Amino acid sequence: MALNFSYLGYSFFFFFLIAGLSSFLSEAQKVPAIYVFGDSLVDVGNNNHLKLSTLKANFPHNGVDYPGKKATGRFSNGRNSADFIAEKVGLPTSPPYLSLTSAANKSNAFLTGVSFASGGAGILDGSDNVFGETIALNKQIQYYSQVFGELVKELGSVQVQKHLDSSLFGIIIGSNDLLGYFKEDSSIRSKYTPQQYVDLLHSNLKDQMKRIYNLGARKLIFVGAGAIGCCPAQRLQNKTKGCNEETNYWSVKYNEGVKRLLAEMKAEVKDMVYSFFDTYRALTDFIQNPAAYGFTEVAAACCGLGDLRGKVPCLPIARYCSNRMEHVFWDLYHPTEMASQIFTRLIFNGSRQYVEPINVEQLIAA
């Protein structure tokens, strides 16, 4: 039987490259890879490739502070948390899975991580049907299983697991499910009480996290839901323009359930370690004590139209503020680059007030 030496040579090169990653990481590079699951808070361009999705950010004024002033699909004036997390560990931002078309690009990208995050994504399939198309968490895990399968095919299960043991797995999900329930015209409320709905989210999430674990994930960063009742769109549902306290209450309940799930999972599988970031507490601190973080505007969006610039998204026809570093919110739902940068700083170095049981620096060393 004739042997394909070019293929064999590539396979051996790929094998030794990944086998030696943990030994030859640069001083700046702290982990071999980051695999990202989530929603628009960490979408770095997957939705650009969804033909039927209207939930995109690949147009101005998004990206006004991104290098080259380029709109990339990030729902931000600049970089988002996915970018800052990668920067913190000395890696390039994990590329959007849907952007990887050639075999060579895929293989190279898989070594340092991939992002499956999609604007509008939720724990439940169809959490956000308004925007036509998104990649829900179940589909994201399905994509990751294909990445995992390709790595195993190239390297074998032992070397792949060694690689994944030191890699980070970021999960930022749940906000769209909650926003879908608490929006003014929600039809979900007729089917579930708030408690039943949050219980449903936790039940689905438990199975999803187990699937990710079974596909090699050992170091998890879970970013909880923020005080989403305080985003400009939710404030407009309140006559006083204050935070929507009902939405915030169930954001807290959602986070409490996620923390229980993670603790239970850790008790069952001893080789898993995790960091849970309390976005709710951090965002509440921004709002209650803005000067400590350099913010002057905590209610209104920087980019949009209408009251609080929260009625119309950040479209090219919208107005945007000049003091973007002083705003917590970029548009009606998403944080500014500055807010994302501070969130990431707390994720990595924060005390147990913000991240538990350990922060990400400790997670990397575990």
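The values are calculated or read from the model by the stated rules, or taken from the named source; none is laboratory data. Not measured: the values here are computed from a predicted model. Note that we place each Cβ from the backbone using ideal geometry, even for glycine, and neighbour counts take in every protein chain shown. Keep in mind that these areas ignore ligands, DNA and RNA; they rest on the heavy atoms of the full protein, side chains included. Shrake-Rupley method; radii C 1.70, N 1.55, O 1.52, S 1.80 Å.
Listed here are the residues, each with its yes/no results for (1) of a type in the set (S, T, N, Q); (2) open to solvent by 10 Å² or more (accessible area, probe 1.4 Å); (3) under 30 Å from Val160 (Cβ atoms); (4) free of Cβ contacts under 8 Å to residues at least 40 places away in the same chain.
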position: Phe182; (1), (2), (3), (4): no, no, no, no
position: Arg189; (1), (2), (3), (4): no, yes, no, yes
position: Met209; (1), (2), (3), (4): no, no, yes, no
position: Cys231; (1), (2), (3), (4): no, no, no, no
position: Cys243; (1), (2), (3), (4): no, yes, no, no
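From the list Ala109, Ala28, Ala104, the lone residue that is at pLDDT below 95, assigned to a loop (DSSP other than H, G, I, E, B), under 29 Å from Val158 (Cβ atoms) and out of contact with any Cys (no Cβ under 8 Å at 6 or more places or on another chain) is Ala28. For region 146-182, the set of residues classified as of a type in the set (Gly, Ala, Ser) and farther than 30 Å from Gln195 by Cα consists of Gly149, Gly156, Ser157, Ser166, Ser167, listed by residue number. Scanning region 305-331 for residues that are of a type in the set (A, V, I, L, M) and open to solvent by 20 Å² or more (accessible area, probe 1.4 Å) yields Leu305, Leu308, Val312, Leu315, Ile317, Met325. Among the residues making up region 272-303, those that are among the small types (Gly, Ala, Ser) and either within 21 Å of Asn248 (Cβ to Cβ) or open to solvent by 30 Å² or more (accessible area, probe 1.4 Å) (or both) are Ala282, Ala291, Ala292, Gly294, Ala299, Ala300, Ala301.
Restricting region 63-104 to residues that are out of contact with any strand residue (DSSP E or B) (no Cβ under 7 Å at 6 or more places or on another chain) and of a type in the set (Phe, Trp, Tyr) leaves a set whose member that is most open to solvent (accessible area, probe 1.4 Å) is Tyr66.
Residues are listed down the side, and each one gets a yes or a no for (1) at pLDDT 95 or above; (2) of a type in the set (Lys, Arg); (3) assigned to a loop (DSSP other than H, G, I, E, B); (4) touching a Phe, Trp or Tyr at 6+ places or on another chain (Cβ under 6 Å):
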position	(1), (2), (3), (4)
Ser22	no, no, no, no
Val42	yes, no, yes, no
Ala57	yes, no, yes, yes
Asn62	yes, no, yes, no
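List the helices (runs of 4 or more DSSP H) that sit entirely inside region 225-333 and contain at least 2 residues that are acidic (Asp, Glu).
By residue number, 245-268.
Each row is one residue, and each column tells you yes or no for (1) of a type in the set (S, T, N, Q); (2) at pLDDT 95 or above.
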| residue | (1), (2) |
| --- | --- |
| Phe84 | no, yes |
| Val89 | no, yes |
| Ala121 | no, yes |
| Leu124 | no, yes |
| Ser127 | yes, no |
| Val130 | no, no |
| Tyr144 | no, yes |
| Gly156 | no, no |
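Close Cβ contacts (under 8 Å, 6 or more residues apart or on different chains) running from residues in region 68-90 that are without any contact (Cβ under 8 Å) to a residue 24 or more places away in the chain and outside any loop (DSSP other than H, G, I, E, B) to residues that are of a type outside the set (Asp, Glu) and open to solvent by less than 20 Å² (accessible area, probe 1.4 Å) comprise Lys69/Gly63.
Scanning region 141-169 for residues that are on the phi < 0 side of the Ramachandran plot, small (Gly, Ala, Ser) and open to solvent by 10 Å² or more (accessible area, probe 1.4 Å) yields a total of 4.
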